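Here the structure is laid out as structure tokens; the discussion comes afterwards.
The values are calculated or read from the model by the stated rules, or taken from the named source; none is laboratory data. Since the structure is predicted, the reported quantities are computational estimates derived from the model, not experimental observations. Virtual Cβ from ideal backbone geometry, glycine too; neighbours counted across all protein chains shown.
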Amino acid sequence: MFHKRKNNNYFSIEGKFLIASPNMSDPRFSETLIYMISDDVKGSMGIIVNKPALNLDINTVFNIQKKSITYNMCTLHYGGPVDFDRGFILHTNDYKKSQECKYLKNNLVLSSNSKILSDLTLGQGPSKFIVVIGYAGWQSNQLSEELRQNAWLVAKLNKRILFSKNYSLKWKKALKSIGIENASLKSFKFSNYSGSA
């Protein structure tokens, strides 16, 4: 179910969910759900969407002087171990005021400025959003190799899961969307091709 790039044999998972398999060995990515921002032969970028960064202040991350954003307004998520001093907002494309942005698949946008956060406090921001710090990155062919090693599973994007406020259930719901139920997690056996599902 991958998107095939023109002029080469690379199968991109850009715009899809990357789900940490139950046998993920890297503790940084244990039970993580990642939305893939980009994925090609040069490398890959995604953001973790189910791990709140509870000990960080969103106002400090985005350099907001008036400390106007509260935890109840925006939960800051741990997006990944790369550029951990940089904040991003993944949001729906019904917000058109962001200048520092990248338009993505699935009618989503990745922005990286505090203006959008100010607008959120005024009720003028996007209808759906996730605020993250850092991102997950892979060098050329690194992610493909990890998929072959069954570290990850791939699923179509489900926006209801992506923007759910119940972050603790996102990983299990994503697994369920590809047929892996909670009761079978400990005993599930992955084939050599499960990363390409």
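When the residues of the stretch 1-29 are narrowed to those that are outside any strand (DSSP E or B) and modelled with pLDDT of 95 or more, which ends up nearest to Leu90 (Cα to Cα)?
By that ranking, first place goes to Gly15.
Which condition number in (1) in contact with a Gly (Cβ under 8 Å, 6 or more places away or on another chain); (2) modelled with pLDDT of 90 or more is the one that Leu117 fails?
Answer for Leu117: the failing condition is (2).
Under 6 Å between Cβ atoms, at least 6 apart or on separate chains: pull out the pairs that start in the stretch 7-32 with a residue that is over 14 Å from Leu143 (Cβ atoms) and end on any residue that is hydrophobic (A, V, I, L, M, F, W, C).
Here the result reads Pro22/Leu185; Ser30/Met24; Glu31/Ala20; Glu31/Trp171, each pair linking the stretch 7-32 to a residue that is hydrophobic (A, V, I, L, M, F, W, C).
For every residue, the table says whether it meets (1) modelled with pLDDT of 95 or more; (2) under 17 Å from Met24 (Cα atoms); (3) surrounded by 12 or more Cβ atoms within 10 Å (Cβ to Cβ).
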site: Trp152; (1), (2), (3): yes, yes, yes
site: Leu157; (1), (2), (3): yes, no, yes
site: Arg160; (1), (2), (3): yes, no, no
site: Phe163; (1), (2), (3): yes, no, yes
site: Gly179; (1), (2), (3): no, no, no
site: Asn182; (1), (2), (3): no, yes, no
site: Lys186; (1), (2), (3): no, yes, no
site: Phe190; (1), (2), (3): no, yes, yes
site: Gly195; (1), (2), (3): no, yes, yes
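Kindly provide the set of residues from the stretch 81-107 that are closer than 20 Å to Ser12 by Cβ and surrounded by fewer than 23 Cβ atoms within 10 Å (Cβ to Cβ), ordered by number.
Within the stretch 81-107, Val82, Lys102, Tyr103, Leu104, Lys105, Asn106, Asn107 meet the criteria.
Keeping to the stretch 165-176, report how many residues are free of Cβ contacts under 8 Å to residues at least 24 places away in the same chain and either part of a strand (DSSP E or B) or surrounded by 12 or more Cβ atoms within 10 Å (Cβ to Cβ) (or both).
So the count comes out to 4.
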